[in-house]
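The values are calculated or read from the model by the stated rules, or taken from the named source; none is laboratory data. Computed from a predicted model, the values in this text were never measured in an experiment. These accessible areas exclude ligands, DNA and RNA; they are computed on the full protein's heavy atoms, side chains included. Shrake-Rupley method; radii C 1.70, N 1.55, O 1.52, S 1.80 Å.
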Amino acid sequence: MIRAVRARRIPDTAPIGAINITPLIDVMLVLLVVIIIAIPIASHKVPVDLPSGRIPVADPLPPSVLAIDRQGALHWNGVALPDAALPERLAALQKSGAVLHLQTDPEARYDRFDGILATVKRAGITRLGFVGNRPLED
């Protein structure tokens with residue numbers, strides 16, 4: 001006996017009512033890892049020594065100008081200064097706490113400038129400024 005095989009009709013597929021939340025969970029886990037890594041970086045503190053309140057400032061001393069001309073000669077506030085007298089002037093300036101402005105002629109030799117700068121550093125001058133790169137007035 002042979003039975004006839006009947007073809008079954010597959011019913012039309014109905015839309016799925018559930019949302020696939022797996023990608024959403026994956027994105028949330030990635031964001032959680034990023035936040036966990038970023039929080040220690042954002043909370044890192046750098047110690048900064050800031051002034052507290054206003055400090056009364058006395059009349060500041062006028063800056064002293066040490067100039068090196070084209071030939072390498074030194075001038076202290078416009079007056080010629082021998083090399084031997086420079087450490088003494090710098091020591092007095094360091095004790096007074098005044099500012100030193102270093103002005104160099106653009107044509108002056110670099111090794112001369114470097115030597116003078118080393119002398120300034122050895123004297124302990126911490127308040128140093130560099131004046132623009134223009135020729136000295138004669």
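Just checking, does the stretch 98-113 include any residue being within 16 Å of residue 61 (Cα to Cα), assigned to a loop (DSSP other than H, G, I, E, B) and either open to solvent by 30 Å² or more (accessible area, probe 1.4 Å) or modelled with pLDDT of 90 or more (or both)?
yes
Residue by residue through the stretch 14-35, note down the ones that are of a type outside the set (Val, Ile, Thr) and assigned to a loop (DSSP other than H, G, I, E, B). Break it down stepwise before answering.
Step one: filter the stretch 14-35 for residues of a type outside the set (Val, Ile, Thr), giving 14-15, 17-18, 20, 23-24, 26, 28-29, 31-32.
Answer for the stretch 14-35, where residues must be of a type outside the set (Val, Ile, Thr) and assigned to a loop (DSSP other than H, G, I, E, B): 14, 15, 17, 18, 20.
Out of the stretch 91-117, which residues are among the aliphatic types (A, V, I, L, M) and under 10 Å from residue 66 (Cα atoms)? Break it down stepwise before answering.
First, pick out the residues of the stretch 91-117 that are among the aliphatic types (A, V, I, L, M): 91-93, 98-100, 102, 108, 116-117.
Correct list: 100, 102, 116.
Please determine, by comparing only the residues of the stretch 65-97 that are outside any strand (DSSP E or B), hydrophobic (A, V, I, L, M, F, W, C) and closer than 18 Å to residue 111 by Cα, which one is least open to solvent (accessible area, probe 1.4 Å). Walk me through how you get there before you give the answer.
In the first step, residues of the stretch 65-97 are kept if they are outside any strand (DSSP E or B); the result is 69-73, 77-78, 82-97.
The next check asks that each one be hydrophobic (A, V, I, L, M, F, W, C); those that pass are 73, 84-86, 90-93.
From what is left, the residues that are closer than 18 Å to residue 111 by Cα are 73, 84, 86.
Numbers: 73: 42, 84: 94, 86: 4 Å².
Looking at the filtered set, the residue picked out is 86.
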